[in-house]
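Remarks on the structure that follows.
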Amino acid sequence: MRNIWFTIYTGSIDKYLGIANYRTLLEILFIPAIQDKMNREKKVQKYMLMFNPDLEFDNVEYFKELFYQKKGYDGIVNISISTKNIDWNNLSEAERKDFLIEKWKVLFNNLSDDYFVTDKSEVIDALEKLKGEEWKISNSLFKKKLKYNKEVYDIVMDLSTKKAELALVRVSDEKRINLKDYETWKIMTDANFKKFKLEGDILTFENSSIFGMPETFDLKEFIK
């Protein structure tokens, strides 16, 4: 079943430095946290916060007019959020997390019950729980492990609000070898790897995105 897309539109990216990383990470975190609590019969493909620095207040009443006990237009449910008094670039990470979660709570609190398959409070509770957790995801990219110089390695991608890290983790002692850092929001283009191959010391990752190039690493430079 296709994942529901939870996203944020900001307009000027300079006003919200790093927001793309937060947006990408939240899209992933929301899948296990709240996706299955949403009613798919509403046929919503995308829930979206739309930042607006000109609004005095979140545009809740208009949002209700559009969506309360109605279906989203063209599969999209979006709310205009006031960022007039928010200096995002000077917020701490904790303050950024608090702001984003509170604004997502505004969206879900003002949806009618028919958008949910559970009590709405379960979604709000799940969001509140996320606020207190570390926003970091660590995934093994492949079931197959890398075998090199008589050692076995997991290939992992760690995602945070700061960056995405492609790394090898040696199974014998869990030693971590960082291969390359990416912007978290670019993982679906620059680091969307579907397979790898090892030829001698050269490890190559093949990208499944039409926009992404293969990544090649000489393991002699990383594993001493």
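The set of residues in the range 193-224 being more than 21 Å from D158 (Cα to Cα) and among the aromatic types (F, W, Y) consists of F211 alone. In summary, L111 fulfils each of the numbered conditions (1) more than 22 Å from the chain's Cα centre (by Cα); (2) buried (at least 17 other Cβ atoms within 10 Å of the Cβ); (3) not assigned by TED's automatic domain parsing to the domain that holds L66 with the single exception of condition (3). Would you say I86 is of a type in the set (A, V, I, L, M, F, W, C), more than 21 Å from the chain's Cα centre (by Cα) and closer than 23 Å to W185 by Cα? In short, yes.
Within the range 62-96, take every residue that is among the hydrophobic types (A, V, I, L, M, F, W, C) and assigned to a helix (DSSP H, G or I) and give me the one that is surrounded by the most Cβ atoms within 10 Å (Cβ to Cβ).
Out of the qualifying residues, it is F67.
The single condition among (1) in a helix (DSSP H, G or I); (2) under 21 Å from I81 (Cβ atoms) that E41 does not meet is (2). Whether a residue is in a strand (DSSP E or B) and among the polar types (S, T, N, Q) was assessed, and T7 passes this test. Cβ separations smaller than 9 Å between residues 6+ apart or across chains give the following pairs from the range 119-134 residues that are free of Cβ contacts under 8 Å to residues at least 24 places away in the same chain to residues that are loosely packed, with under 13 Cβ neighbours inside 10 Å: D119/D113; K120/D113.
From the list V106, V152, V117, exactly one residue is over 21 Å from G18 (Cα atoms), among the hydrophobic types (A, V, I, L, M, F, W, C) and not assigned by TED's automatic domain parsing to the domain that holds N59. Which is it? Give the derivation first.
Details: V106 fails: not assigned by TED's automatic domain parsing to the domain that holds N59; V117 fails: not assigned by TED's automatic domain parsing to the domain that holds N59.
Step by step, each of V106, V152, V117 is checked, and only V152 is over 21 Å from G18 (Cα atoms), among the hydrophobic types (A, V, I, L, M, F, W, C) and not assigned by TED's automatic domain parsing to the domain that holds N59.
Only one of the numbered conditions (1) at pLDDT 95 or above; (2) farther than 20 Å from S112 by Cα is violated by I13, and that is (1).
May I ask you to verify whether L141 is in contact with a Ser or Thr (Cβ under 6 Å, 6 or more places away or on another chain) and not assigned by TED's automatic domain parsing to the domain that holds E95? Before you say what the answer is, go through the steps one by one.
Values: in contact with a Ser or Thr (Cβ under 6 Å, 6 or more places away or on another chain): no; not assigned by TED's automatic domain parsing to the domain that holds E95: yes.
Taking the combined requirement at face value, the residue does not satisfy it.
Under the condition of being exposed (fewer than 15 other Cβ atoms within 10 Å of the Cβ) and free of Cβ contacts under 8 Å to residues at least 24 places away in the same chain, the residues counted in the range 41-61 number 2. In contact (Cβ under 8 Å) with a residue 40 or more places away in the chain and over 30 Å from G72 (Cα atoms) - does that describe any residue in the range 164-173? Looking through the range 164-173, at least one residue is in contact (Cβ under 8 Å) with a residue 40 or more places away in the chain and over 30 Å from G72 (Cα atoms).
Which of the residues spanning the range 193-208 are buried (at least 17 other Cβ atoms within 10 Å of the Cβ) and either hydroxyl-bearing (S, T, Y) or farther than 11 Å from F142 by Cβ (or both)?
Selection gives L203, N207.
Against the definition (in a loop (DSSP other than H, G, I, E, B), buried (at least 17 other Cβ atoms within 10 Å of the Cβ), of a type in the set (A, V, I, L, M) and modelled with pLDDT of 95 or more), how does L127 come out, yes or no? Here the answer is no, as L127 does not meet what is asked. Residues that are among the basic types (K, R) and farther than 18 Å from E27 by Cβ do not occur anywhere in the range 154-166. Contact list please: Cβ distance under 6 Å, first residue in the range 16-28 and within 15 Å of K46 (Cβ to Cβ), second residue assigned to a helix (DSSP H, G or I), pairs at least six apart or on different chains. Pairs found: T24/T184; T24/W185.
The values are calculated or read from the model by the stated rules, or taken from the named source; none is laboratory data. Remember, it's a predicted structure, so these values are computed and weren't measured experimentally. All Cβ positions, even for glycine, are placed from backbone atoms using ideal geometry, and neighbour counts span all protein chains on display.
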